[in-house]
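Trainee: One structure follows; several queries about it will come next.
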Amino acid sequence: MSRKISKVEVSPLFWKDLAEWRTAREYPLIRRQVSEMVGKLSRGEPGGDVAMKNRQVWEGISHMHVAAKLIVFLTYPDADTVRLCALKKHDFYGFGSEKKSVAGEAARKIHNTAAKPPAPSPEWPS
């Protein structure tokens, strides 16, 4: 589903996760890929994110793969708003038959993060 986004919200958890990657070789690529997704959404194009498969557990949560085998978890709290919730490795939530037991806890964490107020940019120095 395409929607035109005019507002981007970022959770404190997303900023925390992103901070952990600031010294990684892949950091510029991660930032660029997230930026490209947001840019596409702002133009009304598909951003490349897809809904999580188990909708009972992950209702309203989408995800997109980026560099370093990371997953951006996001929600759409309003028709014109995207919220970046977290940036995690696959083992955070398991996938397929791997670590199915952690999926419920991971989904709860993302839902809780999505419900909290967004956080301003930490304004990191370059």
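Trainee: Under 12 Å between alpha carbons: how many lysine pairs meet that in the chain, if sequence neighbours fewer than 8 apart on the same chain are excluded? Each step should come with its number before you reach the end.
Mentor: Numbers: K4/K40; K16/K88; K69/K88; K69/K89; K88/K109.
Value for the chain: 5.
Trainee: Tell me which GluC sites (Glu not before Pro) from segment 20-123 have a DSSP coil assignment and no more than 13 other beta carbons within 10 Å of their own. Before the final figure, lay out each step's value.
Mentor: On the way: sites: E20, E26, E36, E59, E98, E105, E123; in loops: E20, E26, E59, E123.
Loop-located and lightly packed - E20, E59, E123.
Trainee: Normalising by the residue count of the chain, find the relative contact order in percent from Cα pairs under 8 Å and 6+ residues apart.
Mentor: Numbers: 196 pairs, mean separation 38.8, N = 126.
Value for the chain: 31 percent.
Trainee: First compute the accessible area of the chain with a 1.4 Å probe, then give the percent of it belonging to carbon and sulfur atoms. Kindly include the intermediate steps, with their values, before the conclusion.
Mentor: Working: 3880 of 7460 Å².
That fraction is 52 percent.
Trainee: Could you give me the percent of Cα pairs per 5 Å distance bin for segment 3-45, shortest bin first, beginning at zero and ending with the bin that holds the maximum distance?
Mentor: Going out from 0 Å in 5 Å bins, segment 3-45 shows 5, 22, 22, 23, 17, 9, 2 percent.
The values are calculated or read from the model by the stated rules, or taken from the named source; none is laboratory data. Here the structure is a predicted model, which means the values were calculated and not measured. Neighbour counts are summed over all protein chains in view; Cβ atoms, including those assigned to glycine, are modelled from backbone coordinates with ideal geometry. Heavy atoms of the whole protein, side chains included, go into the accessibility calculation; ligands, DNA and RNA do not. Shrake-Rupley method; radii C 1.70, N 1.55, O 1.52, S 1.80 Å.
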